[in-house]
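The values are calculated or read from the model by the stated rules, or taken from the named source; none is laboratory data. Since the structure is predicted, the reported quantities are computational estimates derived from the model, not experimental observations. Every residue, glycine as well, gets a Cβ built from its backbone with ideal geometry; the counts of neighbours run over all protein chains shown. Just the protein is used for accessible areas: all its heavy atoms, side chains included, with ligands, DNA and RNA removed. Shrake-Rupley method; radii C 1.70, N 1.55, O 1.52, S 1.80 Å.
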Amino acid sequence: MITPIQTLIAYLLDIAFGDPRWLPHPVVCIGRGIGVLEKMLRSYAKNALPEKIGGAIIAVVVIAGTYILSTIFITVSYRISDISGTVVTIFLAYTTLATRSLGDVAYKIIYSLKERSISEARKNLSMIVGRDTESLEEKEILRASVESIAENTSDGIVAPLLYLAVGGVPAAMAYKAVNTLDSMLGYKNERYINIGWASARIDDIVNFIPARITGVLIAASVFVLSLIRRLKPASTSFSRFSLPTSHFSLKIMLSDGRKHPSPNAGIPEAAMAGALGVRLGGEASYSGIKDFKPYIGEGMNTLDASKVEDAVRIMYTSSLLMLLFTLSVQILKGLFI
């Protein structure tokens, strides 16, 4: 099991360095494995039923394989020495987190828009969304950015920390495998509707609790930022936050969170929409196919670059609150188990 100190170090490494492109990343290996298995399946499966069965087998093999290999890797590392075991444990935990990388991309989008470089903003946005970005205008880029920050706060921060707390590094790595499966196979188009059905369902299941924790954390983060504003009234960074917004965030999460076609993505998105006082949802295009998602939030405020900055602040605060929760769970487990 991962210790609280190891979790803290992994979190700080993520905050400090994000995901350097030169660093070998386990998710890349998982993605390559999924690609190979998909290619093998398509060479044999020619109709719906074999595709569904094969898709389920791919999901089980990838998730179980990731869990088992992570466990073996950590176990062997500890048998070599405590130092090597600790290093491997921290490194793998670090690779499951995405706080810094999400924040960096969001700030790149904001900077591009301020510099009036729409093409660069679209390019940066494509790094964190699955929708088509080539023809998006500024308002659509802003909306997609806030939606992605909210959803990825759950997928890239809260969920990995939760699984680190309850199941250690192997569980967090297995979660990343689920996430990767869904991002590669979980589309509802003709190509993936059968092969990806199992991956999509499993992703819905494992993200059910994290998404709802994220919604609460987003509301709690606004409360925290409001307190900071009161303690530092001269600071303009938090001037847009007030205590009632925290309550409104929970209200919108409860009223609008279920409008989203995804059973999970709508929860953090609705909480973020309420926190910022903006309206999310609307038309988006995925692989050339247009899709309309119900509107979320009441749109009291104009969605501009400052709201994306606020969303990033909320994301960072949510990650810190989730870290404290994770460490608390790990400490309690150490005392009673």
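Which of 70, 135, 43 moves the most in a Gaussian network model of the chain with Cα springs under 10 Å?
Of the options given, 43 has the highest mean-square fluctuation.
Extending each Cα 7 Å along its Cβ direction at residue 82 and residue 44, get the distance between those two points in nm, one decimal.
If labels sit at residue 82 and residue 44, their model points lie 4.7 nm apart.
Can you tell me the accessible area per residue over the stretch 51-196, all protein chains present, probe 1.4 angstrom, in square angstrom?
43 Å²
To the nearest 0.05, what FRET efficiency results for residue 302 and residue 208 with a Förster distance of 41 Å applied to their C-beta separation?
Here the calculated transfer efficiency is 0.80.
Run lengths n ≥ 4 of DSSP H only: what is the helix-derived mean residue ellipticity at 222 nm for the chain, with -39500 (n - 2.57) per run over all residues, to the nearest 500?
-24000 deg cm²/dmol
At 0.36 nm per residue, and after removing the present C-alpha to C-alpha distance, how many nm does the segment from residue 290 to residue 36 gain when stretched out fully? Don't skip to the answer; put the middle values down first.
On the way: separation 254, 0.36 × 254 = 91.44 nm, distance 2.92 nm.
Net length gain for the segment: 88.5 nm.
For the chain, taking Cα atoms only, what is the radius of gyration to one decimal and the Dmax to the nearest whole Å?
Gyration radius and largest Cα-Cα distance of the chain: 20.2, 66 Å.
So which residue, out of 177, 48, 64, gets the largest mean-square fluctuation from a GNM of the chain using Cα contacts under 10 Å as springs?
48
Round to the nearest 0.05 the FRET efficiency obtained for residue 114 and residue 336 when R0 = 45 Å and r is the Cβ-Cβ distance.
0.35
Can you give me the Cα centroid spacing of the stretch 1-75 and the stretch 262-337 in angstrom?
So the separation of the two Cα centres works out to 24 Å.
Taking the Cα centre of the chain as origin, sum charge times position over the Cβ atoms of Lys and Arg (+1) and Asp and Glu (-1), and report the length of that vector in debye to the nearest 20.
The calculation lands at about 220 debye.
Under a no-solvent Debye model with one identical scatterer per Cα of the stretch 258-333, what's log10 I(q)/I(0) at q = 0.11, 0.14, 0.27 Å⁻¹?
With one equal scatterer per Cα and no solvent, log10 I(q)/I(0) is -0.40, -0.59, -1.19.
Given H placed 1.01 Å from N in the peptide plane, which residues other than close sequence neighbours of residue 286 have an amide H under 5 Å from its amide H?
Amide H to amide H, under 5 Å and 5 or more residues apart or across chains, residue 286 pairs with 132, 291.
Excluding residues on the same chain fewer than 8 positions from residue 114, give the aspartates and glutamates whose Cα lies under 13 Å from its Cα.
Within reach: 138, 304, 309.
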